[in-house]
């Protein structure tokens, strides 16, 4: 049974805000939705010791400055507006599991992307927003959180939809803590973009599916990432598995969770049931599931914070926020 359908009347739940930023950026979003941004930062403070946030914040800012990160100014502005440590650290923290897929739309024109983001941290489902943004390449819809400058899930009507999944922790030593430390050291020495910052740049600059695919596949990254990209034509669906300087591409029907598909790399998967989640996503794409009827275990779990459907050809975007006890918002449906 679909867990989402066991929830109380969705009409009693809050709506997901749609914020028209026009040419504004993430700092402007945090200013407009300051209460949500402060609440999310407060959740971080509730889960991590103050000394750790202070230390991590300073190290994170130094690293962003050293790599001349294009979005550091925005993070600085958000940190100043919120007046508490944690903004820099939380902007480059990625500890989630996801299931994402893309294939031709069986009922409408084009290609569609199905997406679930899982993260044990509460509040992300309750405080999600959709930002309407303008960029040199055209308008786009960013499914995001006030205070966060990167992009994890978004759609540019008439261009493409895309999302970022976290890959496994690469195993090198046999000890998880040591493997994590090796990865952190490699990241600290890198001058390349974090994956969420690359995806934002893609939505700002890429004019179509082909250009987005090239940018995602070829731009150096500071750490591995999985991307799902869906264009406006039925066959334009690709999973792009990225290492720092290498890419592995898988064409439609395309689905990925949190284990490697192409590279022969030993890894510790993020989340649970990564194989069954991917198989169920492929089945959902094949049968043409929509309007969230595909939100079933194990894709949907107590860690699910966000579910999205996107079709860049039709301009339709569906977003739903979740918390551990079930839906936290009404389902939002937008049309370009």
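Are there any strands (runs of 3 or more DSSP E) wholly within region 245-336 with 1 or more residues that are surrounded by fewer than 19 Cβ atoms within 10 Å (Cβ to Cβ), and if so which?
By residue number, 247-251, 316-323, 332-335.
Looking at (1) touching a strand residue (DSSP E or B) at 6+ places or on another chain (Cβ under 8 Å); (2) within 24 Å of residue 40 (Cα to Cα); (3) in a loop (DSSP other than H, G, I, E, B), which is the one condition that is false for residue 84?
Status for residue 84: all satisfied but (1).
Please work out if residue 178 is modelled with pLDDT of 90 or more, part of a helix (DSSP H, G or I) and out of contact with any helix residue (DSSP H, G or I) (no Cβ under 6 Å at 6 or more places or on another chain).
Against the criterion (modelled with pLDDT of 90 or more, part of a helix (DSSP H, G or I) and out of contact with any helix residue (DSSP H, G or I) (no Cβ under 6 Å at 6 or more places or on another chain)), residue 178 does not qualify.
I'd like to check something: does region 91-104 contain any residue that is farther than 30 Å from residue 237 by Cβ, in contact (Cβ under 8 Å) with a residue 40 or more places away in the chain, surrounded by 14 or more Cβ atoms within 10 Å (Cβ to Cβ) and out of contact with any strand residue (DSSP E or B) (no Cβ under 7 Å at 6 or more places or on another chain)?
no
Check 72, 124, 64, 117 and return the single one that is free of Cβ contacts under 8 Å to residues at least 12 places away in the same chain and buried (at least 16 other Cβ atoms within 10 Å of the Cβ). Give the derivation first.
Working: 124 fails: free of Cβ contacts under 8 Å to residues at least 12 places away in the same chain; 64 fails: free of Cβ contacts under 8 Å to residues at least 12 places away in the same chain; 117 fails: free of Cβ contacts under 8 Å to residues at least 12 places away in the same chain.
The match here is 72.
Restricting the search to region 90-110, which residues are within 26 Å of residue 196 (Cβ to Cβ) and assigned to a strand (DSSP E or B)?
Passing the criteria: 97, 98, 99, 100, 101, 102, 103.
If you scan region 11-28, which residues turn out to be at pLDDT 95 or above and within 24 Å of residue 327 (Cα to Cα)?
Correct list: 13, 14, 15, 16, 17, 18, 19.
Quick check, is residue 160 touching a residue at least 40 places away in the same chain (Cβ under 8 Å) and over 24 Å from residue 213 (Cβ atoms)?
Criteria not met by residue 160.
Is region 216-228 home to any residue that is in a loop (DSSP other than H, G, I, E, B), touching a residue at least 60 places away in the same chain (Cβ under 8 Å) and under 19 Å from the mean Cα position of the chain (by Cα)?
Looking through region 216-228, at least one residue is in a loop (DSSP other than H, G, I, E, B), touching a residue at least 60 places away in the same chain (Cβ under 8 Å) and under 19 Å from the mean Cα position of the chain (by Cα).
Mind checking which residues of region 22-43 are closer than 23 Å to residue 70 by Cβ and surrounded by fewer than 16 Cβ atoms within 10 Å (Cβ to Cβ)?
Hits for region 22-43 are 22, 23, 31.
Exactly one of these conditions fails for residue 82: (1) more than 19 Å from the chain's Cα centre (by Cα); (2) surrounded by fewer than 18 Cβ atoms within 10 Å (Cβ to Cβ). Give me its number.
Here residue 82 clears every test but (2).
Exactly one of (1) part of a strand (DSSP E or B); (2) in contact with a helix residue (DSSP H, G or I) (Cβ under 8 Å, 6 or more places away or on another chain); (3) within 29 Å of residue 283 (Cβ to Cβ) is unmet by residue 124. Its number?
It is condition (1) that residue 124 fails.
For residue 142, are the conditions met, namely being closer than 24 Å to residue 229 by Cβ and part of a loop (DSSP other than H, G, I, E, B)?
Answer is no for this residue.
The values are calculated or read from the model by the stated rules, or taken from the named source; none is laboratory data. None of these values were measured; they are calculated from a predicted model. Virtual Cβ from ideal backbone geometry, glycine too; neighbours counted across all protein chains shown.
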